[in-house]
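Report on one structure; see the data block that follows.
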Amino acid sequence: MLLVNNLSFYRNEIKIFENLNLSLSNKQIIQIKGKNGSGKTTFLQTILNILEPKSGEIFWEGKNIKKNIFDLYNHTTFIMDHSTSTRELTVSDNINFWRGLSSSKLNNNEIFGLLKILDIEKYYKTKVMHLSSGENKKLELLRLILEQKKLWILDEPFNHLDETSIEILNQTFLDHINNDGMILFASHFNPTISNLDTLDLN
């Protein structure tokens, strides 16, 4: 379980958010909503210990993340609102890097099958710098399956995706929580996902 208790964050003495609470369990998906500047990205980065809150506590599996941050990271895939791919490398090079980093058990045929589902298999040997924004986003989202982590945290995962890709991502989310996964994402987009809980920062 991920538990956020009375979390507050200030930037240059300006309140971004205050006294936020959140509880995320297995088989649960929560969307963080809010207008621009409401602190959605900041909230996610604070949970991941990238930013330091002004007050409040964050617990992972019953322990304060300050005491088990590496266990949290070992169970988390974080998809940011911008690409983490190396632009000068090919799609396959980036995938092999991620696969090695996460000790992924997926084989080449399984990975290529995922690329076909996402309709980017033809770019397997193409440098990332030549991909469109949508293609780049789909490559980034491949990490969700590649890394096989329990907790998915995503910032604006639906940006740059076409309707078909959105449907694939919705189903991927459902498959993950049906397999005891946990998902926390921030988005302006309102996906059609059953049993979706929300936290509004407005």
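The values are calculated or read from the model by the stated rules, or taken from the named source; none is laboratory data. Everything numeric in this text was worked out from a predicted model, so none of it was measured. When we count neighbours, we look across all protein chains shown, and the Cβ atoms used for this are built from the backbone with ideal geometry, even at glycine. For accessibility, only protein heavy atoms count, side chains too; no ligands or nucleic acids. Shrake-Rupley method; radii C 1.70, N 1.55, O 1.52, S 1.80 Å.
Can you pull out the residues in the range 166-180 that are open to solvent by less than 70 Å² (accessible area, probe 1.4 Å) and either within 22 Å of N21 (Cβ to Cβ) or over 16 Å from the mean Cα position of the chain (by Cα) (or both)? The one that is open to solvent by less than 70 Å² (accessible area, probe 1.4 Å) and either within 22 Å of N21 (Cβ to Cβ) or over 16 Å from the mean Cα position of the chain (by Cα) (or both): I177. Residues in the range 49-60 that are touching a Phe, Trp or Tyr at 6+ places or on another chain (Cβ under 6 Å) and either under 26 Å from L131 (Cβ atoms) or open to solvent by less than 70 Å² (accessible area, probe 1.4 Å) (or both): P53 only. Of the set (1) open to solvent by 70 Å² or more (accessible area, probe 1.4 Å); (2) under 18 Å from the mean Cα position of the chain (by Cα), all apply to L118 but (1).
Within the range 138-184, the set of residues being of a type in the set (S, T, N, Q) and under 14 Å from H75 (Cα atoms) comprises Q148 only. Quick one: L184 ticks every box in (1) modelled with pLDDT of 95 or more; (2) surrounded by fewer than 18 Cβ atoms within 10 Å (Cβ to Cβ) bar one, so which box is it? That leaves (2) as the condition not met. Tell me which residues, restricted to the range 61-84, are surrounded by 14 or more Cβ atoms within 10 Å (Cβ to Cβ), under 19 Å from Q148 (Cβ atoms) and in contact with a Phe, Trp or Tyr (Cβ under 7 Å, 6 or more places away or on another chain). Within the range 61-84, L72, T77 meet the criteria. Close contacts from the range 3-17, counting a first residue that is in contact (Cβ under 8 Å) with a residue 12 or more places away in the chain and a second that is among the polar types (S, T, N, Q) and open to solvent by less than 20 Å² (accessible area, probe 1.4 Å), with Cβ to Cβ under 7 Å and a gap of 6+ residues or different chains, come to L7/T46; F9/T42; F9/T46; I16/T42; F17/S8. When the range 57-113 is filtered for residues that are aromatic (F, W, Y) and not in a helix (DSSP H, G or I), the ones remaining, listed by number, are F59, W60, F78.
Yes/no per residue for (1) of a type outside the set (S, T, N, Q); (2) modelled with pLDDT under 95; (3) under 26 Å from A186 (Cα atoms):
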site	(1), (2), (3)
S92	no, no, no
G100	yes, yes, no
K105	yes, yes, no
K116	yes, no, no
E121	yes, no, no
W152	yes, no, yes
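For the range 119-177, which residues satisfy the criterion of being in a helix (DSSP H, G or I) and either free of Cβ contacts under 8 Å to residues at least 12 places away in the same chain or over 23 Å from L44 (Cβ atoms) (or both)? Selection gives E121, K122, Y123, V128, M129, H130, E135, E163, T164, E167, Q171, D175. State all residues of the range 85-99 that are surrounded by fewer than 16 Cβ atoms within 10 Å (Cβ to Cβ) and within 13 Å of E147 (Cα to Cα); if no residue qualifies, say none. Scanning the range 85-99 gives N96, F97.
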